[in-house]
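Student: Handing you this structure, nothing more for now.
Bear in mind these aren't lab numbers, they're just calculated from the coordinates by the rules spelled out. Just so it is clear, the structure is predicted and the values come from calculations on it, not from any experiment. Please note: Cβ atoms are built from the backbone with ideal geometry, for glycine as well, and neighbour counts cover all protein chains shown.
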């Protein structure tokens, strides 16, 4: 009886111990679940994403629409309704008094047709000759063959025009010599004289326009050359710019009636702004502009005018000027300032009070440990800051003791820091 009682007692103890272990296991599981929920909640409230500190650059910039202003002189003659033929191509530099284009003669189409018909007759008459022994003719034929070959290979409009003129002159010379040598020279001479008369009429009726100043030729005339002039920026108003009837980024079409000479060494961009940076800007300040082709160029603030709550600013450029010739209105970015150094997101920066001072810090995480590192902000935009470490002397001035300064951590490149930092105590 005693043995049986002892045996039951041992079984009860084992069951009790087993139940206690199960109870403890349940408790641990519940605690673990609660802890996990807590960590998830904390992560949602304060995400602990990390950021790698790198050498970087931050900007303070804004996008805007600008109007191109240039020194440009429009060239237009009296026969503009006849249509025009370009002598100098778009973007070609010319000297003062150099011919840049001409207007067609009143009866040019008909005259050109008659000259072409006479050329065919002259060519047929010359092909019928058998005794063309002149060395001058052989030389001219060689030149003609070379000029015809050149016309097939070159792409320059100016070279093509010059070569065609030389070719016509040589054909005429050959025809005159052939006429003098041939038995039927009187017929050829008649054709040549008739052609010369038409050619003279063609040249006399044409109006040639020359460059009034030296510069670069452009045929992109839009009628705003006098309104958007650098001669007097004080005439610029918000309404003036608003009334420029052209789309942003639209290429100005070539004129069929006029051309212009422009200064391609400098141009200006006028715009209307109301940002804090614009309000703080001064004439003579240098900024960076990002143009539609993504080129970043330096620009000087040439003129500032306040109108109501807005500010009209004119920037002067000496780079990428030729690339802007085709446009009157563009989208561009104004980079008011840029700064380089250790780049961190603003969301990774916390602050603490030290006396009357508010000190910035970041939290570095390394091998599971976290360190608070005091930093000074050198430059900041909406998203990022460029920061530096404090010197010991600077920390002393801020009120930190020698004990607080001793053994302090500093921020280095490629450190991992917490976004939305919270120190684990």
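Student: For the pair residue 93/residue 307, report the inter-label distance in nm, with labels modelled 7 Å from Cα in the Cβ direction.
Tutor: Taking the two extended label points, one gets 3.6 nm.
Student: Suppose R0 equals 25 Å. What FRET efficiency, 1/(1 + (r/R0)^6) with r the Cβ-Cβ distance, do residue 370 and residue 403 give to the nearest 0.05? Kindly include the intermediate steps, with their values, before the conclusion.
Tutor: Working: r = 20 Å, r/R0 = 0.81.
Once the sixth-power term is evaluated, E becomes 0.80.
Student: How big is the Kirkwood radius of the stretch 292-371, worked out from every pair of different alpha carbons and given in Å to one decimal?
Tutor: Working: mean 1/r = 0.0557 Å⁻¹.
Computed over the stretch 292-371, the radius equals 18.0 Å.
Student: Between residue 354 and residue 29, what length in nm is gained on full extension when 0.36 nm per residue of separation is reduced by their alpha carbon distance? Display every interim value, and only then the final one.
Tutor: Numbers: separation 325, 0.36 × 325 = 117.00 nm, distance 4.34 nm.
The span from residue 354 to residue 29 would gain 112.7 nm if fully extended.
Student: Would you please give the FRET efficiency between residue 388 and residue 319, computed as 1/(1 + (r/R0)^6) with r the Cβ-Cβ distance and R0 = 30 Å, to the nearest 0.05?
Tutor: Values: r = 32 Å, r/R0 = 1.08.
For residue 388 and residue 319, the calculated efficiency is 0.40.
Student: Which distance in nm do the two modelled labels at residue 288 and residue 254 give, with both placed 7 Å along the Cα-to-Cβ direction?
Tutor: 3.7 nm
Student: Further question: Can you tell me the length gained on complete extension of the stretch residue 295 to residue 226, counting 0.36 nm per residue apart and subtracting the Cα distance?
Tutor: Numbers: separation 69, 0.36 × 69 = 24.84 nm, distance 2.80 nm.
This chain segment gains 22.0 nm when fully extended.
Student: Given 0.36 nm per residue, what is the gain on full extension from residue 166 to residue 74 after removing their alpha carbon distance, in nm? Working shown, then result.
Tutor: Numbers: separation 92, 0.36 × 92 = 33.12 nm, distance 3.07 nm.
Computed gain between residue 166 and residue 74 is 30.1 nm.
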